[in-house]
Amino acid sequence: MSKPLDGIKIIDFTHVQAGPACTQLLAWFGADVIKVERPGSGDVTRNQLRDIPDADALYFTMLNSNKKSLTLDTKKPEGKEVLEKLIRESDVLVENFGPGALDRMGFSWERLNELNPKMIVASVKGFSDGHHYDDLKVYENVAQCAGGAASTTGFWDGPPTVSAAALGDSNTGMHLAIGILTALIGRDKTGKGQKVAVSMQDSVLNLCRVKLRDQQRLERVGYLEEYPQYPHGEFSDVVPRGGNAGGGGQPGWVLKCKGWESDPNAYIYFTVQGHAWEPICRALGKPEWIDDPAYKTAEARQPHIFEIFETIEAWLADKTKLEAVNILRKFDIPCAPVLSMKELANDPSLRASGTIVEVPHKKRGTYLTVGSPIKFSDLKPEITASPLLGEHTDEVLASLGYSKQEIFTLHEVKAV
Ligand code: CAO
């Protein structure tokens, strides 16, 4: 079956998570992604947190499926020559080196554009070009702190907290993928490539959009009625951490279910959606609340919302999280069990949809990964194993026109 990105050749000069997440997504959809790696070591994640000696770590395999690996020392003249050939016939180059690394290697945007004016050059950096921190190297949690996620996550009486979700890394990679696809469509119209840059700080902030909304509301009215601090607590002049409160106009909280004393995930998220108040009361066996003026409107409920959550927890005390959701779903109440990674890994629906997939790997045996979260009617991405270090070096060199003898020589001088 042909895929939408068939024929798009991508030089994947990425490492760790932000860049690899982007190129992996494009590879799933058909792009020919050639990961250029340093001979001998490759992407640092091949060795990080290994669970099987001598086999690529899951950190690498789960972010580099469907790619080819070309080992090339791009600081040596012979390596640069190979890279230049590759650049001349590629559509996209993606990189997430530290600031200035590509320039120092001799491949500035100007040089790349000169080598191939049709090529799209896509970069991830911690901060945007010209930002007062644009010289900084950045990892996930640094970006979460710089992008507003940490100051607004966690509980009001605890420190700023980072999320386990890769808001700085994979999220930035997804933004970059959108930028690359946009530039490819643009190129169809203009015939020209362009530079696409995404910063991790900007990508985190983009996901914290509603917190910037709240900052402005706070400055105007002095309080935020959907936060737990309202109406009994205090507000300062910055958006506070709201614990597990719902971020929109619908109050919600993480509530204990049967077994919470021993199971760290025996909880559900319960949303008190305004127009679902009547079904909520019926589900909880509290029909008297439906018309009670102290409960009838969202405004009336807010001052004692935690007392309402306590009543719901009392109702949940003899129900497991799955039993509770099975009851509440019949009343159209937005809720979900808090699921552990173990439960997600074994979830039959996620297996059936291809969101959780098993991938055979030459050295590891089979490993589990997250497949495409994007579903198409005419494309079912097939997830194939990540490449071994340098697995496709000869193949890629041959495709660039190098003879067997030349490939041998390149190996001999350790240029590749
Ligand atoms: N051949 C020869 N040299 C190579 C090479 C190859 N195939 N591939 C990379 N290199 C060299 C680069 O040229 C660079 O050398 P110089 O620093 O001497 O110019 C070096 O390897 C890579 O440097 P780096 O700064 O990218 O790597 P680091 O481990 O010091 O920093 C990171 C890692 C992630 C902090 C940094 O790359 C960064 O800030 N990237 C941008 C933001 C980002 O994507 N962060 C998220 C990563 S996911 O958590």
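Express the accessible area of region 1-156 per residue in Å², computed with a 1.4 Å probe while the remaining protein chains stay in the model.
Working: 6570 Å² over 156 residues.
Value returned for region 1-156: 42 Å² of accessible area per residue.
Over 20 Å between Cα atoms: which of LYS85/LYS137; LYS192/LYS375; LYS9/LYS137; LYS67/LYS380; LYS3/LYS375 fall into that group? Going by Cα-Cα distance, LYS85/LYS137; LYS192/LYS375; LYS9/LYS137 fall outside the 20 Å limit. Solvent-accessible area assigned to carbon and sulfur over region 178-256 amounts to 53 percent, based on a 1.4 Å probe. How far, in degrees from 0 to 90, does helix 18-28 lean away from the longest principal axis of the Cα atoms of the chain, to the nearest 10? Orientation of helix 18-28: about 80 degrees from the principal axis.
By the scheme Lys and Arg +1, Asp and Glu -1, what is the net charge of all other residues having a beta-carbon under 10 Å from that of ASP56?
Details: positive: ARG46, ARG50, LYS362, LYS363, ARG364; negative: ASP43, ASP54.
Its environment carries a net charge of +3.
For ARG88, the accessible area of its heavy atoms, probed at 1.4 Å with every protein chain present, is near 140 square angstrom.
Phi-derived couplings, Karplus 6.51 cos²θ - 1.76 cosθ + 1.60 at θ = phi - 60°, listed residue by residue for region 231-238: x, 8, x, 10, 10, 9, 9, 10 Hz, with x used for Gly and Pro. Here the simple spin-label model places points 7 Å from the Cα toward Cβ, and for ILE327 and LYS76 these points are separated by 6.9 nm.
Here the Karplus curve 6.51 cos²θ - 1.76 cosθ + 1.60, taken at θ = phi - 60°, turns the phi angles of region 270-282 into couplings of 10, 10, 8, 6, x, 6, 9, 4, 4, x, 4, 4, 5 Hz, with x standing for Gly and Pro. Rounded to the nearest 10 square angstrom, TYR59 shows an accessible area of 60 square angstrom against a 1.4 Å probe. Contact order, relative form, for region 295-387: 14 percent (alpha carbon pairs under 8 Å, 6 or more residues apart, mean separation divided by residue count). Computed with a 1.4 Å probe over protein heavy atoms only, the accessible surface of region 221-301 comes to 52 Å² per residue. If you wrap the tightest convex hull around every Cα atom of region 271-416 and split its volume per residue, you get 217 Å³.
Using only the C-alpha atoms of the chain, find the volume of their convex hull and express it per residue in Å³.
181
Residue ranking by accessible heavy-atom surface, 1.4 Å probe, largest first, among ILE305, ILE185 comes out as ILE185, ILE305. Dividing the helix sum by the residues of the chain, where each DSSP H run of 4 or more adds -39500 (n - 2.57), gives a mean residue ellipticity at 222 nm of -9500 deg cm²/dmol. The mean sequence separation of alpha-carbon pairs under 8 Å and at least six residues apart, normalised by the residue count of region 126-284, gives a relative contact order of 20 percent.
Among ILE383, ILE120, the order of accessible area from largest down is ILE383, ILE120, computed with a 1.4 Å probe on protein heavy atoms. Placing +1 on each Lys and Arg Cβ and -1 on each Asp and Glu Cβ, with no other charges, gives the chain a dipole about its Cα centre of roughly 840 debye. Using the Stokes-Einstein relation with a Kirkwood hydrodynamic radius computed over Cα pairs, the translational diffusion coefficient of region 264-340 at 10 °C and a viscosity of 1.306 mPa s comes to 124 µm²/s.
Taking 7 Å steps out from each Cα toward its Cβ at VAL210 and ASP347 produces label points 1.9 nm apart. Using heavy atoms of the protein chains and a probe of 1.4 Å, the accessible area assigned to ASP73 is about 40 Å².
Computed over neighbours whose Cβ is under 12 Å from that of LEU25, the net charge equals 0, Lys and Arg +1, Asp and Glu -1.
The values are calculated or read from the model by the stated rules, or taken from the named source; none is laboratory data. Everything quoted here is computed from the prediction, not taken from an experiment. Here the Cβ is made from the backbone with ideal geometry for all residues, glycine too, and neighbour counts use every protein chain on show. Ligands, DNA and RNA are excluded from the accessible area calculation, which covers all protein heavy atoms including side chains. Shrake-Rupley method; radii C 1.70, N 1.55, O 1.52, S 1.80 Å.
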